[in-house]
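> Can you keep this structure in mind? I'll have questions shortly.
The values are calculated or read from the model by the stated rules, or taken from the named source; none is laboratory data. Computed from a predicted structure; not experimentally measured. No Cβ is skipped: glycine too gets one built from the backbone with ideal geometry, and neighbour counts run over all protein chains shown.
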């Protein structure tokens with residue numbers, strides 16, 4: 001039995017990625033006053049039992065992504081990405097793959113959703129396709145909420161805004177053992193079980209049919225994105241409060257003068 005505990009090899013990353021796109025460090029969150037809003041319903045692949053919802057916002061080269069996920073293997077990392085290429089679709093529910101009892105593996109599905117364009121990691125500047133399998137920097141819970149804002153190359157932003165992005169979350173416990181194991185090797189790295197890299201759920205990012213939550217979501221998987229802005233958020237709240245108090249005081253002075 002093999003159990004995934006470490007970062008995957010560069011060979012595996014190259015096999016999964018397919019698109020050599022480099023991304024910059026994350027930026028501050030968009031104010032969402034302009035740009036394109038997108039949403040996706042994430043549905044299970046190969047009976048994984050996973051489901052979720054994703055929202056996206058593209059404004060220039062700034063991308064904000066929110067994900068609500070459930071039904072995944074708890075305590076195991078779940079690589080998650082935006083893919084571009086192929087037919088920009090998800091595998092059909094009845095697709096027979098080359099994995100455990102006909103499960104869909106990554107190489108079975110790549111013609112549908114293409115290669116990795118954005119790695120939805122927890123924190124830091126590691127958001128490009130070359131970090132697609134940094135398994136220690138992805139959510140590792142069965143149910144989680146995720147939010148992050150990135151700067152992406154213009155061509156990637158344009159593709160996503162045009163509805164050509166597909167959100168894919170990986171990692172499936174096919175045999176119900178409670179961990180990534182089994183005799184079948186990963187099609188990306190033979191030192192790992194296939195369960196660690198098999199796609200669990202997928203959804204196309206289309207022009208939004210449902211609104212992104214106004215208050216955002218908390219980041220899952222033990223990540224810290226969003227908390228790095230906590231000071232600015234607190235200062236903003238103080239400034240807003242001070243402004244409101246100042247306006248009230250000004251109105252009282254005006255009313256007193258009129259009397």
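> In segment 81-111, how many are in contact with a helix residue (DSSP H, G or I) (Cβ under 8 Å, 6 or more places away or on another chain), at negative phi and surrounded by fewer than 18 Cβ atoms within 10 Å (Cβ to Cβ)?
Adding up the residues that qualify gives 6.
> Further question on the same structure: How many of the residues in segment 160-175 are closer than 27 Å to residue 100 by Cα and either within 17 Å of the chain's Cα centre (by Cα) or part of a strand (DSSP E or B) (or both)?
Just the residues of segment 160-175 that are closer than 27 Å to residue 100 by Cα, to begin with: 166-175.
Next, only the ones that are either within 17 Å of the chain's Cα centre (by Cα) or part of a strand (DSSP E or B) (or both) stay: 166-172.
Residues meeting the conditions: 7.
> Working only within segment 105-137, note down all residues that are in contact with a strand residue (DSSP E or B) (Cβ under 6 Å, 6 or more places away or on another chain) and part of a loop (DSSP other than H, G, I, E, B).
Answer for segment 105-137, where residues must be in contact with a strand residue (DSSP E or B) (Cβ under 6 Å, 6 or more places away or on another chain) and part of a loop (DSSP other than H, G, I, E, B): 114, 120, 127, 132.
> Let me ask something additional. What's the number of the condition residue 157 fails, among (1) modelled with pLDDT under 85; (2) closer than 28 Å to residue 133 by Cα; (3) part of a helix (DSSP H, G or I)?
So the condition that residue 157 fails would be (1).
> Would you please list the contacts, defined by Cβ atoms under 8 Å and residues six or more apart or on different chains, that run from a residue in segment 169-186 that is more than 21 Å from residue 133 (Cα to Cα) to a residue that is not in a loop (DSSP other than H, G, I, E, B)?
Qualifying pairs under 8 Å: 175/100; 175/195.
> Now, a different point. Take residue 195 and tell me if it is modelled with pLDDT under 95 and either part of a helix (DSSP H, G or I) or not assigned by TED's automatic domain parsing to the domain that holds residue 74 (or both).
Values: modelled with pLDDT under 95: no; either part of a helix (DSSP H, G or I) or not assigned by TED's automatic domain parsing to the domain that holds residue 74 (or both): yes.
So residue 195 fails the test.
> Right, next: Quick one: which of 152, 135, 172 is surrounded by 24 or more Cβ atoms within 10 Å (Cβ to Cβ) and under 23 Å from residue 70 (Cβ atoms)? Break it down stepwise before answering.
Values: 152 fails: under 23 Å from residue 70 (Cβ atoms); 135 fails: surrounded by 24 or more Cβ atoms within 10 Å (Cβ to Cβ).
Being surrounded by 24 or more Cβ atoms within 10 Å (Cβ to Cβ) and under 23 Å from residue 70 (Cβ atoms) holds for just one of 152, 135, 172, which is 172.
> Could you tell me which numbered condition residue 178 fails, if it satisfies all but one of (1) under 22 Å from residue 111 (Cβ atoms); (2) in a loop (DSSP other than H, G, I, E, B)?
Going through (1) under 22 Å from residue 111 (Cβ atoms); (2) in a loop (DSSP other than H, G, I, E, B) one by one, residue 178 breaks only (1).
> Here's another thing I want to ask about it. Identify, by number, the condition in (1) at pLDDT below 95; (2) crowded, with 24+ Cβ neighbours inside 10 Å that residue 211 doesn't meet.
Only one criterion is unmet by residue 211, namely (2).
> Can you confirm whether residue 145 is assigned by TED's automatic domain parsing to the domain that holds residue 88, in a strand (DSSP E or B) and surrounded by fewer than 24 Cβ atoms within 10 Å (Cβ to Cβ)? Can you show your working first?
Values: assigned by TED's automatic domain parsing to the domain that holds residue 88: yes; in a strand (DSSP E or B): yes; surrounded by fewer than 24 Cβ atoms within 10 Å (Cβ to Cβ): yes.
Against the criterion (assigned by TED's automatic domain parsing to the domain that holds residue 88, in a strand (DSSP E or B) and surrounded by fewer than 24 Cβ atoms within 10 Å (Cβ to Cβ)), residue 145 qualifies.
> Something else about it: Failed condition for residue 75, given (1) part of a loop (DSSP other than H, G, I, E, B); (2) at pLDDT below 95, with all others met?
Among (1) part of a loop (DSSP other than H, G, I, E, B); (2) at pLDDT below 95, residue 75 violates only (2).
> Right, here's the next one. Quick test for you: out of 165, 114, pick the one residue that is in contact (Cβ under 8 Å) with a residue 60 or more places away in the chain, on the phi > 0 side of the Ramachandran plot and either outside the structural domain of residue 47 (by TED's automatic domain parsing) or surrounded by 18 or more Cβ atoms within 10 Å (Cβ to Cβ) (or both).
Details: 165 fails: on the phi > 0 side of the Ramachandran plot.
None of the other options fit; the residue is 114.
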